[in-house]
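These notes concern the structure reproduced below.
The values are calculated or read from the model by the stated rules, or taken from the named source; none is laboratory data. This structure is a prediction, so every number in the text was calculated from the model and none was measured. Counting neighbours? That spans all protein chains shown, and the Cβs are built from the backbone with ideal geometry, glycine included. Only protein heavy atoms, including side chains, enter the accessible area calculation; ligands, DNA and RNA are left aside. Shrake-Rupley method; radii C 1.70, N 1.55, O 1.52, S 1.80 Å.
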Amino acid sequence: MKLLAELTKDGSISVPELSKKLGINASVLYSRIKRLVKKKLIKKFTIVVDESLLGVGVKASIGVNRDPKLKDTIHKQLMATPEVTSISEVTGRFDIIVNVQTKNLEVLHSIVIEKLGKIDGIINTETFVELQKTNKDLVYSVV
């Protein structure tokens, strides 16, 4: 669990540095990491990008109600939309939540009206613009 916690904080940390931090022999640590990847407990090592430097100025979640008969077609069309970052099937008043990233509110408006609004089978949408976000660092501990 300590290993997972450290890798979650910084996936780019070197094995020798991590070895010193955890007090575990580097070769043993390397084997443990390899085993966690092989067992698919660690799915991938990744980076965190500062999206604002790429021109992302607005993030939003869009609640969507859809015709269940057109579920697969709608899903494919949404995934083909470059601004869509994820789709989650949910319980509650919406069928799915679609997360998008755009340059500004005008582009967001265009996405909702021109792209999502024209997909056959989407019954209605409600857009929630992200004003501020605070991520919580995941801490893995021994239960």
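Going by the conditions given, is Lys69 free of Cβ contacts under 8 Å to residues at least 40 places away in the same chain, open to solvent by 40 Å² or more (accessible area, probe 1.4 Å) and not hydrophobic (A, V, I, L, M, F, W, C)? Step through it out loud before you land on a result.
Numbers: free of Cβ contacts under 8 Å to residues at least 40 places away in the same chain: no; open to solvent by 40 Å² or more (accessible area, probe 1.4 Å): yes; not hydrophobic (A, V, I, L, M, F, W, C): yes.
So Lys69 fails the test.
Going by the conditions given, is Lys21 modelled with pLDDT under 95, within 22 Å of Met1 (Cα to Cα) and not aromatic (Phe, Trp, Tyr)? Steps first, please.
Numbers: modelled with pLDDT under 95: yes; within 22 Å of Met1 (Cα to Cα): yes; not aromatic (Phe, Trp, Tyr): yes.
Judged against the criteria, Lys21 is a match.
Tell me, which residue of segment 121-143 that is within 19 Å of Glu83 (Cβ to Cβ) and either of a type in the set (A, V, I, L, M) or in a helix (DSSP H, G or I) (or both) is least open to solvent (accessible area, probe 1.4 Å)?
Only one residue tops the list, namely Ile122.
Among the residues of segment 89-106, how many are touching a strand residue (DSSP E or B) at 6+ places or on another chain (Cβ under 8 Å) and open to solvent by 50 Å² or more (accessible area, probe 1.4 Å)?
Of segment 89-106, the ones touching a strand residue (DSSP E or B) at 6+ places or on another chain (Cβ under 8 Å) are 89-90, 93-105.
Imposing the further condition that a residue be open to solvent by 50 Å² or more (accessible area, probe 1.4 Å) reduces the set to 89-90, 93, 95, 103, 105.
Residues in segment 89-106 being touching a strand residue (DSSP E or B) at 6+ places or on another chain (Cβ under 8 Å) and open to solvent by 50 Å² or more (accessible area, probe 1.4 Å): 6 in total.
What residue, of Ile74, Ile13, is open to solvent by less than 100 Å² (accessible area, probe 1.4 Å), at pLDDT 95 or above and β-branched (Val, Ile, Thr)? Before you say what the answer is, go through the steps one by one.
On the way: Ile13 fails: at pLDDT 95 or above.
Within the list Ile74, Ile13, the selection yields Ile74.
What number of residues within segment 110-120 satisfy the criterion of being assigned to a helix (DSSP H, G or I) and either in contact with a Ser or Thr (Cβ under 9 Å, 6 or more places away or on another chain) or buried (at least 17 other Cβ atoms within 10 Å of the Cβ) (or both)? Write out each step before concluding.
Of the residues in segment 110-120, the ones assigned to a helix (DSSP H, G or I) are 110-118.
After this cut, where a residue has to be either in contact with a Ser or Thr (Cβ under 9 Å, 6 or more places away or on another chain) or buried (at least 17 other Cβ atoms within 10 Å of the Cβ) (or both) as well, the list is 110-112, 115-117.
Number satisfying all stated conditions: 6.
I'm told Ser141 meets every condition in (1) more than 20 Å from the chain's Cα centre (by Cα); (2) modelled with pLDDT of 95 or more; (3) small (Gly, Ala, Ser) except one. Can you identify the failing condition by its number?
Result: Ser141 fails condition (2) only.
Looking at segment 18-64 only, could you name the residues that are in contact with a Phe, Trp or Tyr (Cβ under 9 Å, 6 or more places away or on another chain) and surrounded by 14 or more Cβ atoms within 10 Å (Cβ to Cβ)?
Looking only at segment 18-64, we keep the residues that are in contact with a Phe, Trp or Tyr (Cβ under 9 Å, 6 or more places away or on another chain), and these are 19, 37, 60-64.
Residues satisfying the conditions are Ser19, Ala60, Ser61, Ile62, Gly63, Val64.
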